[in-house]
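Asks: Let me give you the structure first, and then I'll get to my questions.
The values are calculated or read from the model by the stated rules, or taken from the named source; none is laboratory data. Not measured: the values here are computed from a predicted model. We place every Cβ from the backbone using ideal geometry, glycine too, and count neighbours over all the protein chains shown. Just the protein is used for accessible areas: all its heavy atoms, side chains included, with ligands, DNA and RNA removed. Shrake-Rupley method; radii C 1.70, N 1.55, O 1.52, S 1.80 Å.
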Amino acid sequence: MTLQATDGPIPTTGPLVDTFGRIADDLRVSVTDKCNFRCTYCMPAEGLPWLPREEILRFEEITRLATVFATLGVKEIKLTGGEPTVRRELPSLVAMLRDAQPNLAVSMTTNGYLLDRLAQPLAAAGLDRVTISCDSLMRHHQVLAGMRAAEAAGLTPIKLNCVVIAGTNEDEVVDFARFARDSGYEVRFIEYMPLDAEQHWERAKVVPSRDILAQIDAVFPLTKAGHETEPATSYRFADGAPGAIGVIASVTEPFCDTCNRLRITADGQLRACLFAMHEADLRAPLRSGASDDDIAQIIRTAVWAKWEGHKINHPDFERPARSMSMIGG
Ligand code: SAM
Ligand code: SF4
């Protein structure tokens, strides 16, 4: 679908809208660029040059931004990273967000490694739910323990994110579906995107979501779930088993025309698209006495300028300077 852009002045009231009429109400906030994992599709084995501490937004700054975004109609904040659980005192941030914005949904995407000890304090601080990334069921007992801890703490419904890469873990897709049925979790398969720091991505390594669904459907027949949890398309098991399957077909079936997401990097830069080539600096105004209204207008201007969509499937596709762990996913 091609979106039609409108002309006109940048709105000063109402929800956060872009020139294509899309409304942004879902914000991902990266709380650190550091990570305790080195998933090959994301970060190099030697890590990346970490941001200096003073460049990272403080909890008070994140909370203030969350309040400004909430007044602009944002309904959900998802904490991400790097790995959000390696940020010290993370439960305090959740408590501050909860206190400032009781009606905002606050969730987190994590690799799950530290959840066995953090699930409880995070839930007590007011976190609503977690998405846990897991690309193989053959490793990471610690991550499985994290899933159980999240469930016990009530951070539900639990979703799992699984990036599928040809020649790596595509043979585990049906095992993941079985795991969804046994655990009751929704397992969401994400197409591999050209955002790995090492730039090893190639199209041949992308396993199309439709192939994943066909593989699962042949063993455990699927029916489309009534609800769409954008950008994932969700399916239930036809035999009524618990759990669900979701696919995020970012490469083969881009969903840019319904994108409602915004992202803030750990150093306070607003990105209107995962693949954006431009960022709006929110940290400088935060630290130089700008009013909430000033910041709101910077945000409105950046959202208004959001482009139609990423160009992964175009010959002139260009990678953004930041790779996934510096954006947050
Ligand atoms: N560390 C946390 C985690 O892994 O959940 C949060 C940050 S991570 C960058 C967010 C999500 O991005 C994860 O689900 C991860 O699997 C996904 N991701 C990372 N690199 C990707 C890539 N090149 N293509 C698709 N998804 C990717
Ligand atoms: Fe893996 Fe998430 Fe860390 Fe990237 S940020 S290396 S996806 S755990």
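Asks: If you keep only loop residues by DSSP, which GluC sites (Glu not before Pro) in the range 57-131 have at most 16 other Cβ atoms within 10 Å of their Cβ?
Replies: Details: sites: Glu60, Glu61, Glu76, Glu89; in loops: Glu89.
Passing both the DSSP loop test and the Cβ count: Glu89.
Asks: What do you get for trypsin sites (Lys or Arg not before Pro) in the range 260-318 restricted to DSSP loop and a cutoff of at most 16 other Cβ within 10 Å of the site's Cβ? Don't skip to the answer; put the middle values down first.
Replies: On the way: sites: Arg261, Arg263, Arg271, Arg283, Arg287, Arg300, Lys306, Lys311; in loops: Lys306, Lys311.
Counting only loop positions with at most 16 other Cβ atoms within 10 Å, the trypsin sites (Lys or Arg not before Pro) in the range 260-318 are Lys311.
Asks: Okay, next question. Placing +1 on the Cβ of each Lys and Arg and -1 on the Cβ of each Asp and Glu in the chain, which of Leu122, Phe220, Leu57 has its Cα farthest towards the positive end of the resulting dipole?
Replies: Selected residue: Leu122.
Asks: Now a separate question. Using only Cα atoms and rounding to the nearest 10 degrees, what angle (0 to 90) does helix 59-71 make with the longest principal axis of the chain?
Replies: The helix 59-71 is inclined about 90 degrees to the chain.
Asks: Shifting gears a bit: Quick one: if you stick a label point 7 Å off each Cα along the C-beta vector at Val219 and Ala305, how many nm between them?
Replies: About 4.8 nm separates the two model spin labels.
Asks: Please determine, in degrees from 0 to 90 and to the nearest 10, the orientation of helix 115-125 with respect to the longest principal axis defined by the Cα atoms of the chain, where the helix direction is its Cα long axis.
Replies: Around 50 degrees separate the two axes.
Asks: Kindly report, to the nearest 10 Å², the accessible surface of Met324 as traced by a 1.4 Å probe over protein heavy atoms only.
Replies: Surface accessible to solvent at Met324 totals approximately 40 Å².
Asks: Something else about it: Going by Cβ distance under 4.7 Å, what cysteines of the chain have no possible disulfide partner?
Replies: Cys35, Cys134, Cys162, Cys256, Cys259, Cys273
Asks: Here's a follow-up. Write out the GluC sites (Glu not before Pro) in the range 161-244 meeting two conditions: DSSP loop, and at most 11 other Cβ atoms within 10 Å of their Cβ. Please report the intermediate quantities before stating the final value.
Replies: Numbers: sites: Glu170, Glu172, Glu186, Glu191, Glu198, Glu202, Glu228; in loops: Glu198, Glu202, Glu228.
Those that pass, being in a loop and sparsely packed, are Glu202.
Asks: With θ set to phi - 60° and the Karplus curve 6.51 cos²θ - 1.76 cosθ + 1.60, what are the ³J(HN,Hα) couplings of the range 279-286 in order, to the nearest whole Hz, using x for Gly and Pro?
Replies: 10, 9, 6, 9, 5, 4, x, 4
Asks: Still on this structure: Show that you can apply the helix-only estimate: for the chain, add -39,500 (n - 2.57) for every DSSP H stretch of four or more residues, divide by all residues, and state [θ] at 222 nm to the nearest 500. Display every interim value, and only then the final one.
Replies: Working: 9 runs with 91 residues, N = 329.
Dividing the helical sum by the residues of the chain leaves -8000 deg cm²/dmol.
Asks: Compute the long axis of helix 173-183 from its Cα atoms, compare it with the longest principal axis of the Cα atoms of the chain, and write down the angle in degrees, 0 to 90, nearest 10.
Replies: Once rounded, one gets 80 degrees.
Asks: Right, next: Under the rule of at least 5 residues apart or a separate chain, name every residue whose amide H is placed under 5 Å from the amide H of Leu79.
Replies: Sorted by chain and number, the residues that satisfy this are Val29, Ser107, Met108, Thr109.
Asks: Taking only protein heavy atoms and a 1.4 Å probe, what accessible area per residue, in Å², does the range 20-327 have with all protein chains in place?
Replies: Working: 13050 Å² over 308 residues.
Accessible area per residue, the range 20-327: 42 Å².
Asks: R0 = 35 Å: FRET efficiency of Val174 with Asn36, Cβ-based, nearest 0.05? If you can, show how the numbers build up before the last one.
Replies: Working: r = 29 Å, r/R0 = 0.83.
Result of the calculation: an efficiency of 0.75.
Asks: Then there is this: Compute the distance from the alpha-carbon center of the range 1-56 to that of the range 287-316, in whole Å.
Replies: About 9 Å separates the Cα centre of the range 1-56 from the one of the range 287-316.
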